[in-house]
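What follows is calculated from the coordinates using simple rules that are stated; it is not laboratory data. From a predicted model like this one, the values you see are computed outputs, not experimental measurements. Backbone-built Cβ (ideal geometry, glycine too); neighbour counts: all protein chains shown.
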Amino acid sequence: MAKIKETDYLFLSTRVKCLECSLLSRERMERMLEARTVEDAAKVLQECGYAEMARVSQEELDQVIAQQRHKTMEDLSSVAPDPRLIDVFKIKYDYHNVKVLLKADAMGVSADRLLVDAGRVKADVLADGLRNAELRGVSYILRKAVSDARDVLSTTGDPQLADFILDRAYFAEMFELAKATGSSFLEGYVRISIDAANLRSLVRVLRMGKGPEFLRSVLFEGGNIHTSRVLAASGGSMEELYAASDLKEAAAAGAAALNGGGLTRFEKLCDDGVNHYLAGAKYVAFGEAPVIGYLAAKENEFTAVRIILTGRMAGLDADTIRERLREAYV
């Protein structure tokens, strides 16, 4: 593929800047939180381009989010100078669907309700390929991971081990694809995403009292902070390790969690650290960075919509829901 220049993104960057006006801003989130009813909260989403909900239910919520996700991917994929940039954000749905399909097969249940049709490969095509042991149109990394995960499930019956095999392949493939695009901003996004995943693993393993060998088995390569440094970290040195990173606050919260603190704020700050890196895209006039920032912002928006409306349906108060929300892109 010929080298793509920043100027090739002039049209798409301009379009993305317009689309950012429809993102779920902090002000809109607050209106959803303070709305009198869950139905009134859902109406705010129509300002962001979501379809009107006939009734606010989990099924209806899943449907409108799926519609908005599909619309976003199709809209940007059709005009992106380098489709691999969009594929970096589609990859996770391929791996999500494979996880769901393998577990459903092992348990003898239907996977349909949990499949997400937003990956590089349609969910029904993946399902047919797994059923017939003929995965076509997928990368070697994914095929190998599926084979290894199946072997682990059949020999151990442990879905967590299978998930980890697929997660390791997911980050490896995402990193490989990001590097292939030549975008330093996209590569940086993948690297800090891996850093966040490794920080989460470090905190959980230390809380469990597991040793370094177990930690080694659940770390991912490709982050800004080498796995050898993460392995050498302890509760006391965690903050120092991430002091120069966007994950500095998350590391401090992780250290607090090791001393009996909760994980909710820690998890939120891990995501906020990644979002802080992405926020730099808002100040780039044109190029691939605004597109990457917008795609990640939409993914965060779907999470926020789900947190708010699920919380409202469950009868949670606004403050309880608010503390779970990540920083907004706009």
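Using θ = phi - 60° and the Karplus curve 6.51 cos²θ - 1.76 cosθ + 1.60, what whole-Hz ³J(HN,Hα) does each residue of the range 148-155 get, with Gly and Pro shown as x?
5, 5, 5, 4, 5, 5, 6, 8
For a quick check of your reading of the filter: which GluC sites (Glu not before Pro) in the range 221-330 sit in a DSSP loop and have no more than 11 other Cβ atoms within 10 Å?
In loop regions of the range 221-330 (DSSP not H, G, I, E or B), the sparsely surrounded GluC sites (Glu not before Pro) are 323.
Could you work out the relative contact order of the range 83-178? I mean the mean sequence separation of Cα pairs under 8 Å and 6+ apart, divided by the number of residues, in percent.
In percent, rounded to a whole number, it is 32.
I want to verify the translational diffusion coefficient of the chain in µm²/s; compute it with Stokes-Einstein, Rh as the Kirkwood radius over Cα pairs, at 10 °C and 1.306 mPa s.
Translational diffusion coefficient: 75 µm²/s.
What pairs in 90/268; 43/282; 17/71; 43/298; 43/90; 179/268 have C-alpha atoms more than 21 Å from each other?
Those over the limit are 90/268; 43/282; 43/90; 179/268.
Calculate the FRET efficiency for residue 147 and residue 22 from the Cβ-Cβ distance with a Förster distance of 56 Å, rounded to the nearest 0.05.
E(calc), rounded to 0.05, equals 0.85.
In whole Hz and in residue order, list the ³J(HN,Hα) couplings for the range 122-128 that follow from phi through the Karplus curve 6.51 cos²θ - 1.76 cosθ + 1.60, θ = phi - 60°; x for Gly and Pro.
4, 4, 5, 5, 4, 4, 5
Per DSSP H run of n ≥ 4, the term is -39500 (n - 2.57); total these for the chain, divide by its residue number, and report the mean residue ellipticity at 222 nm rounded to 500 deg cm²/dmol.
Per the formula, -21000 deg cm²/dmol.
If you stretched the chain out fully between residue 75 and residue 208, how much longer would it get, using 0.36 nm times the residue separation minus the C-alpha to C-alpha distance?
Numbers: separation 133, 0.36 × 133 = 47.88 nm, distance 4.40 nm.
Answer, rounded to one decimal: 43.5 nm.
Could you give each residue of the range 12-18 its phi-based ³J(HN,Hα) in whole Hz, using Karplus coefficients 6.51, -1.76, 1.60 with θ = phi - 60°, and x for Gly or Pro?
Running phi through 6.51 cos²θ - 1.76 cosθ + 1.60 with θ = phi - 60° gives 5, 4, 5, 5, 4, 4, 6 Hz.
Compute the convex hull volume of the Cα atoms of the range 1-140, divide it by the residue count, and report the result per residue in Å³ as a whole number.
Per residue, the Cα convex hull of the range 1-140 comes to 139 Å³.
So which trypsin sites (Lys or Arg not before Pro) in the range 186-282 end up in coil per DSSP with only 16 or fewer other C-beta atoms within 10 Å?
Loop-located and lightly packed - 210.
Give the Debye-formula value of log10 I(q)/I(0) at each listed q (0.13, 0.23 Å⁻¹), with one equal scatterer per alpha carbon of the range 83-178, two decimals each.
Listed by q, the Debye log ratios stand at -0.39, -1.27.
If contacts are Cα pairs under 8 angstrom and at least 6 residues apart, what is the relative contact order of the chain in percent?
22 percent.
Loop only per DSSP, at most 15 neighbouring Cβ atoms within 10 Å: give me the trypsin sites (Lys or Arg not before Pro) in the range 62-158, ordered by residue number.
Answer by residue number: 122, 136.
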